[in-house]
There are 2 protein chains.
Amino acid sequence: MSSKRTVPSARRSGAAASAELRERILSATRELLRERCFDTLSVSDILTAAKVSRASFYFYFPSKQAVLAELVREAVTQGQQAAEPWTGGRQDPAAALRAGVTDGARLWRANAGVLMAIVESWGSDDDLRALWLEQMDLFTEAAVARIRSDPEALRHLGDADVRAVAASLTWLGERLYYLAAAGVPPFDDEQVLIDVLTNAWTSLLYGR
Amino acid sequence: MSSKRTVPSARRSGAAASAELRERILSATRELLRERCFDTLSVSDILTAAKVSRASFYFYFPSKQAVLAELVREAVTQGQQAAEPWTGGRQDPAAALRAGVTDGARLWRANAGVLMAIVESWGSDDDLRALWLEQMDLFTEAAVARIRSDPEALRHLGDADVRAVAASLTWLGERLYYLAAAGVPPFDDEQVLIDVLTNAWTSLLYGR
DNA sequence: GATATGTCCAGACAGTGTGTATGGTCCTTG
DNA sequence: CAAGGACCATACACACTGTCTGGACATATC
């Protein structure tokens with residue numbers, strides 16, 4: 001908890017990989033989350049899947065929540081640079097919006113297990129909560145910047161609270177992507193998902 | 001599990017209450033959920049709070065999830081009859097929308113603990129999942145009926161998927177009410193919450 | 001009033017999970 | 001060869017769940 005632990009450097013089989021076990025734990029968990037939900041996943045399950053001892057696990061991570069946090073950070077940073085062109089946004093607004101929504105769907109499809117896990121768990125773990133709220137805040141902030149640089153959207157929004165509108169669109173996305181990943185109709189149909197989310201953005205920002 | 005148990009009828013202290021213990025369990029849990037979150041709540045906590053033995057608890061409920069399910073049913077049916085005038089909707093559409101959103105906020109304020117609990121838990125329990133999806137479906141269906149009987153909304157929606165739009169508004173509400181109850185800004189400010197939700201409904205249905 | 005019936009409690013139990021601690025093995029480096 | 005770091009197997013204390021005893025006590029029946 002309080003003492004910073006050193007990352008192991010010298011590995012058994014030569015100079016190959018430092019912290020290889022750590023990596024094994026991460027990818028085993030990522031893999032397990034493809035099929036099982038996070039809270040029915042025990043540390044023992046991860047241990048056997050990653051072929052790692054209990055002691056080693058708790059050397060690298062303080063809990064399984066910390067593993068999830070790391071996986072989420074990976075997935076989200078990977079997604080942020082994917083959504084970067086969206087933030088710049090020089091093209092046609094509506095097309096850019098749809099492209100951004102589609103990117104989000106791709107990100108969620110690629111990391112469904114991890115992202116479903118945190119959406120289901122951030123309510124009951126302080127670290128995960130802080131992490132997820134921060135991510136949603138980053139997305140919201142990006143949306144705010146985008147709106148502020150868009151005269152037409154600004155005009156349509158009038159004196160409405162820009163950040164609140166941006167936040168609600170962010171959270172609408174969070175919920176709808178989750179439902180899609182969970183197979184809840186009608187959002188399990190990716191075309192419906194993208195259409196309805198794009199429609200929400202354009203309706204709220206431009207009145208269609 | 002499979003055998004249906006009979007509800008106890010003859011009580012110790014006269015003809016007072018049948019299934020009094022059951023009631024005690026329900027209200028103790030409801031009370032505990034006001035301060036603690038559902039998954040850190042153990043059955044033992046409920047036992048001591050309700051002054052009920054472990055055996056009695058498992059006589060009336062198969063699990064603590066079942067207790068939550070019952071509490072949710074209570075809260076939601078109570079909320080459905082509150083939202084009934086909204087479904088009828090003869091008044092000015094925008095005002096009716098705002099009134100409905102405000103009713104939702106009131107319902108969530110009155111039952112924050114229980115509703116937060118199920119929102120956090122329906123992902124990890126089959127019964128709770130079925131219950132919550134059914135409730136969201138009921139709300140969605142009511143919204144669909146309301147939209148179908150509103151020529152202006154129908155005209156504005158064009159060939160969009162009415163049920164998908166209604167569902168996304170329902171789920172947006174679910175998420176935003178939850179965030180408000182969880183104290184996440186900017187939705188912790190009830191005025192912001194109501195404004196942004198009302199705005200979403202009117203924007204999506206009428207283009208403002 | 002004796003006997004059953006049903007409600008309830010106290011407590012023990014096995015099973016499973018978490019996080020920590022102990023001791024030992026194997027490899028690398030000085 | 002000796003020292004130390006990386007790792008493993010194992011066992012532990014603790015908490016929680018759901019089941020199962022035995023017994024206390026009130027009511028109903030004879």
Classify the protein assembly as shown as rounded, prolate or oblate from the Cα gyration tensor: take a ≥ b ≥ c as the square roots of its eigenvalues, call it rounded if a/c is under 1.5, otherwise prolate when a/b beats b/c and oblate if not.
oblate
Which value, in debye to the nearest 20, describes the size of the charge dipole of chain B about its Cα centre when Lys and Arg Cβ atoms bear +1, Asp and Glu Cβ atoms bear -1, and nothing else is charged?
820 debye
Modelling each spin label as a point 7 Å along the Cα-to-Cβ direction, I'd like the residue A:77/residue A:44 distance in nm, to one decimal.
3.4 nm
Crossing angle, helix B:112-121 versus chain B [Cα axis fit, 0-90 degrees, rounded to tens]:
90 degrees
For the stretch B:20-61, take every pair of Cα atoms, bin their distances at 10 Å starting from 0, and report each bin as a whole percent.
32, 58, 10
Average accessible surface area per residue within chain A, 1.4 Å rolling probe, Å²
49 Å²
Express the carbon and sulfur contribution to the solvent-accessible surface of the protein assembly as shown as a percent, rounded to the nearest whole number, probe 1.4 angstrom.
52 percent
Which residue, B:171, B:108, B:132, tops the fluctuation ranking in a GNM of chain B built on C-alpha contacts under 10 Å?
B:171
Run down the aspartates and glutamates and flag those whose C-alpha is under 16 Å from the C-alpha of residue A:51, throwing out any fewer than 8 positions away in its chain.
A:20, A:23, A:31
Suppose we keep just the alpha-carbon trace of the stretch A:129-208; what are its Rg and Dmax in angstrom?
13.5, 38
Quick check: the angle from helix B:93-110's long axis to the longest principal axis of chain B, C-alpha only, nearest 10 degrees?
20 degrees
For chain A, modelled as a GNM with alpha-carbon contacts under 10 angstrom, which of A:35, A:141, A:23 fluctuates the most?
A:35
Can you give the local net charge around residue B:169? Use residues other than it whose beta-carbon is closer than 13 angstrom to its beta-carbon, Lys and Arg +1, Asp and Glu -1.
+1
Any chance you could run the full-extension gain for residue B:51 through residue B:189? It's 0.36 nm times the residue separation minus the Cα-Cα distance, nm to one decimal.
46.0 nm
Checking buried surface per residue: for the stretch B:99-131, which residues lose a minimum of 10 Å² accessible area in the protein assembly relative to the chain alone (1.4 Å probe)?
B:120, B:122, B:123, B:124, B:129
Just the number, please: buried accessible area between A and B, total of both chains, 1.4 angstrom probe, nearest 100 square angstrom.
2700 Å²
Contact order relative to length for the stretch A:65-206, counting C-alpha pairs under 8 Å separated by 6 or more residues, stands in percent at 27 percent
Can you tell me the Rg and Dmax of the stretch A:65-206, counting just the alpha carbons, in angstroms?
14.9, 44
Does anyone have the angle between helix A:126-148 and the longest principal axis of chain A? Alpha-carbon axes, 0 to 90°, nearest 10?
30 degrees
GNM result for chain B, Cα springs below 10 Å: residue of B:102, B:77, B:170 fluctuating most strongly:
B:77
Between residue B:159 and residue B:133, what is the label-point separation in nm under the 7 Å Cα-to-beta-carbon projection?
3.0 nm
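The values are calculated or read from the model by the stated rules, or taken from the named source; none is laboratory data. Note that this is a predicted model, so its numbers are computed, not measured. Reconstructed Cβ throughout: ideal geometry from the backbone, glycine too, with neighbour counts over all protein chains shown. Just the protein is used for accessible areas: all its heavy atoms, side chains included, with ligands, DNA and RNA removed. Shrake-Rupley method; radii C 1.70, N 1.55, O 1.52, S 1.80 Å.
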